[in-house]
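Written below as structure tokens is the structure these notes are about.
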Amino acid sequence: MKVLRDILYNVNIVSIHGDNNIEVHALSIDSRHIAQGDAFIAIKGVAADGHAYITKAISLGATAIVCEDLPAELQDGVCYVQVSNSHAACGIMASNFYNNPSKQLQLVGVTGTNGKTTIATILFRLFSKMGYHCGLISTVQNQIGDEIIPSTHTTPDAISLNALLAKMVEEGCLYAFMEVSSHAIHQQRIAGLQFAGGIFSNITHDHLDYHKTFDEYIRVKKSFFDSLPSNAFALTNIDDKRGNVMLQNTKARKASYSLRTLADFKGKILENGLTGLFMQIGESEVHFRLIGEFNAYNLLAVYGAAILLGKSKDEVLRILSDVQGAEGRFEYIVSAKDKIIGIVDYAHTPDALLNVLATIKNLRQGHEQIITVVGCGGDRDKTKRPIMAEVSAEHSDKVIFTSDNPRSEDPAEIIREMEVGVAAHLRKKTISIQDRKEAIKTAISLAGKDDIVLVAGKGHEKYQEIHGVKHPFDDKKVLEEMFQLLGK
Ligand SMILES: CC(=O)N[C@H]1[C@@H](OP(=O)(O)OP(=O)(O)OC[C@H]2O[C@@H](n3ccc(=O)[nH]c3=O)[C@H](O)[C@@H]2O)O[C@H](CO)[C@@H](O)[C@@H]1O[C@H](C)C(=O)N[C@@H](C)C(=O)N[C@H](CCC(=O)O)C(=O)O
Ligand SMILES: Nc1ncnc2c1ncn2[C@@H]1O[C@H](COP(=O)(O)OP(=O)(O)OP(=O)(O)O)[C@@H](O)[C@H]1O
Ligand SMILES: N[C@H](CCC[C@H](N)C(=O)O)C(=O)O
Ligand SMILES: [Mg+2]
């Protein structure tokens, strides 16, 4: 419990009406979760406006209301705090409410279109193996030491986020590694946090449904680096065109990584196969278990961040060489009889698909076929659908278009929007099977000895959301089941 006045420290306040010297039980941005003595923060969202729920929140016991627009009538016994920006206020209040947990550990944020989960997870595993108690906030799961806490977002809302960080502090974590999604930056879910470092992996086509233009998407990502303090580091991939742009206006200590040009952390791939990567980093030659050039980038990011956090190069490389990647990222199983390689990968953007398919092509010993099963999510960026289809058709021998998470959309319509991206001369390579299980089954039945089947898009996900309902679904299990069923 904390006093409202203290929770409002550093918030940009326009006006206060009522007594701010009251105790607050909990903070909430959702009227449906309000209990007696809570503060309700009214947020103008994408789908609704929290201001419409102020009366509801008060009826459920809210004694403090934080809002941008004051209601026409103010009720007695309630303190109204008018702020210039409810999103920002929410972030700062959440930090204050939970005693600024981000200041009590070293918090590293990872942003970029692809690679966030991989980088954050490897950092967590590396630092844990170095003997530090650590926290992880990621798409796959949140973690405090060995304790797994299910995650609902890549970056949770500011209140859940600070509650999680406070639990990490309470349990003695010295480091926390988190993904920072562009939605989170834009919605200020990270406002008020103190970062010890920020990492930029890359920026390519995604989320244009939300950010509208690629320039705006870049601007949002860059604003994360603009907000880093001078005692933090800003580590960026300078092989990405926008790597330097991210650092343009930051006050943080700048550092770079690259596979192609001079950089603070420069790596070179010596070998790249199904058993992993063999790389030169500085003077050292090291084998890693992760596969593919894109993972060489992820490893360099992790290595650079660990060095910037003051860790010894030799210890970092020794432990990193044995670390495994995140669940559902280039995970493969080999069938018993025909030695078909089944790969599950979370590629759900054009660039991720391109990278994964390039890696697979590189793994081929001879003329093995590459058969790709892919779909696109509903209620998300529609413009990436034809491009993902085209990339798949261009770089595979056969492609089966199927459903990913159609969410509220018509699955057949999503597939049709994918199909139009395929050039006429590539169409004979593709078929469409809406049912994902059937699609995977067909891919396995088409596969011969040593062929490679890529099941892309859902990675670690354990469900498929169709017409708003989540059904249990696990790409890896379905692959295994089909290998068995078809006697492959
Ligand atoms: C599009 C989007 O990002 N939406 C997020 C946003 O919700 P919103 O702005 O749409 O909220 P809203 O429904 O308009 O409601 C506005 C306000 O009214 C409140 N409300 C609403 C109804 C009511 O009865 N009472 C009430 O108080 C709501 O609690 C909210 O505070 O803020 C919410 C709280 O933080 C998020 O849960 C929600 O995530 C939705 C579920 C979502 O699917 N988000 C995805 C797109 C997302 O955030 N993804 C990124 C990863 C992207 C990547 O791959 O990089 C992530 O970080 O997970
Ligand atoms: N550095 C990288 N560059 C390009 N593609 C990558 C990179 N790392 C991973 N990928 C591809 O992107 C997919 C998603 O990787 P990962 O989950 O690490 O990214 P993410 O940024 O966390 O994604 P999300 O935005 O959905 O949380 C991987 O399965 C792989 O196909
Ligand atoms: N974090 C990503 C998840 C995409 C996963 C994919 N399986 C889909 O449903 O589109 C997003 O919100 O865009
Ligand atoms: Mg992620």
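The values are calculated or read from the model by the stated rules, or taken from the named source; none is laboratory data. Quick caveat: nothing in here was measured; it's all calculated off a predicted structure. Cβ coordinates were reconstructed from backbone atoms using ideal geometry, including for glycine residues, and neighbour counts include every protein chain displayed.
Would you tally the residues in the range 355-377 being under 13 Å from residue 341 (Cα atoms) and not in a helix (DSSP H, G or I)?
Residues in the range 355-377 being under 13 Å from residue 341 (Cα atoms) and not in a helix (DSSP H, G or I): 7 in total.
Please go through the range 434-449 and give me each residue that is part of a loop (DSSP other than H, G, I, E, B) and surrounded by fewer than 18 Cβ atoms within 10 Å (Cβ to Cβ), ordered by number.
Going residue by residue through the range 434-449, those that are part of a loop (DSSP other than H, G, I, E, B) are 434-435, 447-449.
Hits for the range 434-449 are 434, 435, 448, 449.
Quick test of your reading of the structure: residue 348 fulfils all but one of (1) outside any helix (DSSP H, G or I); (2) farther than 18 Å from residue 400 by Cα; (3) near ligand 2 (Cβ under 9 Å from one of its atoms). Name the failing condition by number.
The failed condition is (2).
Residue by residue through the range 100-133, note down the ones that are touching a strand residue (DSSP E or B) at 6+ places or on another chain (Cβ under 9 Å), more than 16 Å from ligand 1 (Cβ to nearest atom) and among the polar types (S, T, N, Q).
The answer is 102, 106, 128.
Could you say which residue among 58, 7 is free of Cβ contacts under 8 Å to residues at least 60 places away in the same chain and surrounded by 16 or more Cβ atoms within 10 Å (Cβ to Cβ)?
After applying the criteria, what remains is 58.
What number of residues within the range 88-105 satisfy the criterion of being under 22 Å from residue 25 (Cβ atoms), in contact with a helix residue (DSSP H, G or I) (Cβ under 8 Å, 6 or more places away or on another chain) and assigned to a helix (DSSP H, G or I)?
Going through the range 88-105 one residue at a time, the tally reaches 8.
Looking for something in contact with a Lys or Arg (Cβ under 8 Å, 6 or more places away or on another chain), closer than 27 Å to residue 290 by Cβ and buried (at least 24 other Cβ atoms within 10 Å of the Cβ) - is there at least one such residue anywhere in the range 354-368?
No, that holds for no residue.
Quick check: anything in the range 191-198 within 15 Å of ligand 2 (Cβ to nearest atom), assigned to a helix (DSSP H, G or I), in contact (Cβ under 8 Å) with a residue 40 or more places away in the chain and not assigned by the TED database to the domain that holds residue 354? Working first, answer last.
Kept after step one, since they are within 15 Å of ligand 2 (Cβ to nearest atom), are these residues of the range 191-198: 198.
Narrowing the set further to residues that are assigned to a helix (DSSP H, G or I) leaves none.
Checked the range 191-198: no residue is within 15 Å of ligand 2 (Cβ to nearest atom), assigned to a helix (DSSP H, G or I), in contact (Cβ under 8 Å) with a residue 40 or more places away in the chain and not assigned by the TED database to the domain that holds residue 354.
Give the residues of the range 92-113 that are surrounded by fewer than 24 Cβ atoms within 10 Å (Cβ to Cβ) and either modelled with pLDDT under 95 or within 16 Å of ligand 2 (Cβ to nearest atom) (or both), sorted by residue number.
113
Quick check: anything in the range 263-284 among the acidic types (Asp, Glu), out of contact with any strand residue (DSSP E or B) (no Cβ under 6 Å at 6 or more places or on another chain) and part of a strand (DSSP E or B)? Break it down into steps so the answer makes sense when it comes.
If we filter the range 263-284 for residues that are among the acidic types (Asp, Glu), which is where we start, we get 264, 271, 283.
Then drop every residue that is not out of contact with any strand residue (DSSP E or B) (no Cβ under 6 Å at 6 or more places or on another chain), which leaves 283.
Applying the additional criterion that residues be part of a strand (DSSP E or B) yields none.
The answer is no, given that none of the residues of the range 263-284 is among the acidic types (Asp, Glu), out of contact with any strand residue (DSSP E or B) (no Cβ under 6 Å at 6 or more places or on another chain) and part of a strand (DSSP E or B).
Does any residue of the range 373-387 turn out to be farther than 11 Å from residue 455 by Cα, aliphatic (A, V, I, L, M) and touching a residue at least 24 places away in the same chain (Cβ under 8 Å)? I'd like the intermediate steps shown before the answer.
Taking the range 373-387 as the starting set, the residues that turn out to be farther than 11 Å from residue 455 by Cα are 376-387.
Next, only the ones that are aliphatic (A, V, I, L, M) stay: 387.
Applying the additional criterion that residues be touching a residue at least 24 places away in the same chain (Cβ under 8 Å) yields 387.
Taking every residue of the range 373-387 in turn, at least one turns out to be farther than 11 Å from residue 455 by Cα, aliphatic (A, V, I, L, M) and touching a residue at least 24 places away in the same chain (Cβ under 8 Å).
Search the range 148-172 for residues being part of a loop (DSSP other than H, G, I, E, B) and either in contact with a Lys or Arg (Cβ under 9 Å, 6 or more places away or on another chain) or within 16 Å of ligand 3 (Cβ to nearest atom) (or both), and hand back the single one that is nearest to residue 232 (Cα to Cα).
Across the range 148-172, the extreme among qualifying residues is 155.
With 452, 431 as the choices, which residue is away from ligand 4 (no atom under 16 Å from the Cβ), surrounded by fewer than 19 Cβ atoms within 10 Å (Cβ to Cβ) and either under 11 Å from residue 371 (Cα atoms) or of a type in the set (A, V, I, L, M, F, W, C) (or both)?
Working: 452 fails: surrounded by fewer than 19 Cβ atoms within 10 Å (Cβ to Cβ).
Of the residues listed, the single one that is away from ligand 4 (no atom under 16 Å from the Cβ), surrounded by fewer than 19 Cβ atoms within 10 Å (Cβ to Cβ) and either under 11 Å from residue 371 (Cα atoms) or of a type in the set (A, V, I, L, M, F, W, C) (or both) is 431.
Could you grab me the full set of residues in the range 331-345 that are aliphatic (A, V, I, L, M) and in a loop (DSSP other than H, G, I, E, B)? Explain how you work it out, then say what you get.
Initial filter on the range 331-345 (aliphatic (A, V, I, L, M)): 333-334, 336, 340-341, 343-344.
Across the range 331-345, the qualifying residues are 336, 340.
What pairs come out if I take residues in the range 102-121 that are more than 12 Å from residue 137 (Cα to Cα) and assigned by the TED database to the domain that holds residue 203 and pair them with residues that are in a helix (DSSP H, G or I) and within 16 Å of ligand 3 (Cβ to nearest atom) whose C-beta lies under 7 Å away, six or more apart or interchain?
From residues that are more than 12 Å from residue 137 (Cα to Cα) and assigned by the TED database to the domain that holds residue 203, the pairs are 111/221; 113/351; 114/351; 114/352.
Within the range 134-191, can you find the residues that are more than 8 Å from ligand 1 (Cβ to nearest atom), buried (at least 20 other Cβ atoms within 10 Å of the Cβ) and of a type in the set (Lys, Arg)?
Once the filter is applied, which keeps residues that are more than 8 Å from ligand 1 (Cβ to nearest atom), buried (at least 20 other Cβ atoms within 10 Å of the Cβ) and of a type in the set (Lys, Arg), the range 134-191 yields nothing.
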